[in-house]
Amino acid sequence: MFAPDDTIVAVATPPGRGGLGMVRISGSQAAAVADALLDGPRPLQPRRATVTRLVVREGGAATAIDRVVATSFPGPGSYTGEDVVEICAHGSPVLLEQIVALACRSGARLANPGEFTLRAFLHGRVDLVQAEAVADLVDAVTPLQARVAFDQLEGTITDRIADLDRRLLDLTARLEASLDFPEEGYHFIETSEVARAIGEMGERVRAMLDGAAAGRLIREGCRVVVLGRPNVGKSSVFNRLLGSSRAIVTPVAGTTRDLVTETLDLGGLAVGLVDSAGLRATDDPVEAEGVSRARRAVGSAAAGLVVLDRSVPLAGDDRDVLRETASSPRVVVVNKIDRPPAWSPGALPVGESESVVEVSALTGEGFGRLREELGRVLTGDTATRETPMVANIRHIELLDRAGAALGAAASAVEQGAAEEFVLEDLQRARRALEELTGKRTPDDVLDHIFERFCIGK
Ligand SMILES: Nc1nc2c(ncn2[C@@H]2O[C@H](COP(=O)(O)OP(=O)(O)OP(=O)(O)O)[C@@H](O)[C@H]2O)c(=O)[nH]1
Ligand SMILES: [Mg+2]
């Protein structure tokens, strides 16, 4: 996987029909492959979009199959760091596949998922953190996810790691120099300065981890289950939050049977909102299966929306649902407030600090507050409007490891340990950072990172 000396090709635009579709070729033979496919003046001028024809050459005859725009990006200043040619054709899947097949006939091979970005990483165009950001940016389903990914691609993490690495290198070099001349009592650096430098680096690692929990939630999204006894308006609340009539709503109790999931953009948070069957004891095997699925869904959810109907007296089933979810993060949704009330929320058996929101899924009243409360329950007090720097669990773990090693180095200095021991801790911190940026990352980790990319990226 890591011997990029051949030339690769893939369709870079999504599958399906479109106005335009792009085929990308990268590798030492990219220009030659493009020459074999294109009509008109050759070779292509670097970085100049050229309108030309794509031709099939057979038995001395050349048949044009599309009018295209081709651009050549010679390495090392290209996306992958190799020679790259991009051919923009009309967005017909049949045509694009034909172009890829022709490129393969002329010496290219089909790219693996993420191989263009892998090559960019292997040629030092981006570090591993930035390569991961490319996949996150492509996968983003909310604008906030896209922004966090793009910041990462622009180097918010890369630059800070480089700064930390410089400091670590400087400190280790000076400590090693002290080690080299022990008999002369030669110290290149005072203990107090070592302690200060380590403390400062630890502070920087901590600052990077600030908001990491919210960052992770933004990057990964979460699931929220709408729960309650039958007919309280769960599907109506679900639909109102999504702004579409996704789930079936009827006056019949027991309408929803299966789990229905849709993605909701909650202030930038990608929430997989799940509508579920009303929780009650039932003899109907289909409904019973629905109820058991609803209960299982609660287990994997970050929070629940417990819906109650204020227009009828609270039922035993309502109290059961409240009791079952008492220890989980939840918002209690008091629905149907457009109707005369049968009880008041003050009478609910819930904790004082709990989120209780009164809404009408019929009129939409209260839904602004419901969104706010759900956001608060999910992210705690961390505002997701502030873009956190770190969002990827791999990055969080490695920064934690670097922080712990720096902490160990700080206590070693404090206890007057010999330079060797301090150095060992500092080197551990460096190794964690190097694994983060990909300078020293095991191949199986790289495999794992790049296999989640799509082909053509
Ligand atoms: N007046 C009023 N009626 C509502 C409101 N929300 C839901 N309803 C009505 O209540 C009935 C049940 O609504 P659903 O959304 O299907 O309730 P559900 O909890 O999903 O029901 P099951 O799927 O059967 O468990 C329907 O007739 C809705 O039109 C509301 O806020 N006000
Ligand atoms: Mg329903």
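Scanning residues 5 or more positions from Val55 or on other chains, those with amide H under 5 Å from its amide H are Leu38, Asp39, Ile65, with H placed 1.01 Å from N in the peptide plane.
In terms of surrounding Cβ atoms within a 10 Å radius of their Cβ, Asp136, Asp258 rank from fewest to most as Asp258, Asp136. Relative contact order, whole percent, for the stretch 195-334 stands at 27, derived from Cα pairs under 8 Å and 6 or more residues apart. The phi-based Karplus calculation (6.51 cos²θ - 1.76 cosθ + 1.60; θ = phi - 60°) puts the 3J(HN,Hα) values of the stretch 97-111 at 5, 5, 5, 4, 4, 5, 5, 5, 5, 9, x, 8, 10, 5, 6 Hz, whole numbers, x for Gly and Pro.
Karplus-based coupling profile of the stretch 408-423, in residue order and whole Hz: 5, 4, 4, 5, 4, 4, 4, 7, x, 5, 5, 3, 3, 5, 5, 4, with θ = phi - 60° in 6.51 cos²θ - 1.76 cosθ + 1.60 and x standing for Gly or Pro.
A straight line joining the Cα centroids of the stretch 34-113 and the stretch 331-353 runs 64 Å. Sequence-distant contacts, meaning Cα pairs under 8 Å at least 6 residues apart, place the relative contact order of the stretch 8-127 at 32 percent. Each of Glu200 and Asp170 was given a label point 7 Å from its Cα along the Cα-to-Cβ line. The distance between the two points is 0.6 nm. With contributions of -39500 (n - 2.57) from each DSSP H run of at least four residues, the per-residue ellipticity at 222 nm computed over the chain stands at -14000 deg cm²/dmol. Sorting Phe116, Phe150, Phe181 by the number of Cβ atoms found within 10 Å of their own Cβ, with the fewest placed first, yields Phe181, Phe150, Phe116. In summary, the convex hull built on the alpha carbon positions of the chain has an orientation-averaged projected area of 30.7 nm².
Could you let me know the centre-to-centre spacing of the stretch 225-264 and the stretch 127-161, using Cα atoms, in angstrom? Rounded to whole Å, the Cα centres lie 35 Å apart.
Here the simple spin-label model places points 7 Å from the Cα toward Cβ, and for Thr261 and Val312 these points are separated by 3.0 nm. Of the peptides 279-288, 81-90, the order by per-residue mean of other Cβ atoms within 10 Å, starting with the highest, comes out as 81-90, 279-288.
Across the stretch 203-208, coupling constants 3J(HN,Hα) worked out from phi with the 6.51/-1.76/1.60 Karplus curve, θ = phi - 60°, read 4, 5, 5, 4, 4, 5 Hz, and Gly and Pro carry x.
Net charge near Val68, counting Lys/Arg +1 and Asp/Glu -1 over other residues with Cβ under 15 Å of its Cβ? Spelling it out: positives minus negatives among the neighbours equals 0. Neighbour counts of other Cβ atoms within 10 Å put Thr117, Thr71 in the fewest-to-most order Thr71, Thr117. For the pair the stretch 432-455 and the stretch 281-326, the centres of their Cα atoms are 42 angstrom apart. Placing unit charges on each Cβ (+1 for Lys and Arg, -1 for Asp and Glu) gives the stretch 8-127 a dipole about its Cα centre, and among Leu118, His90, Gln29 the Cα reaching farthest toward its positive end belongs to His90.
For Thr255, the residues whose modelled amide H falls within less than 5 Å of its own, excluding neighbours fewer than 5 places apart on the same chain, are Asn231.
No value in this document is a laboratory result; all are computed from the given coordinates. From a predicted model like this one, the values you see are computed outputs, not experimental measurements. Glycine gets a Cβ as well: all are built from the backbone with ideal geometry, and neighbour counts include every protein chain shown.
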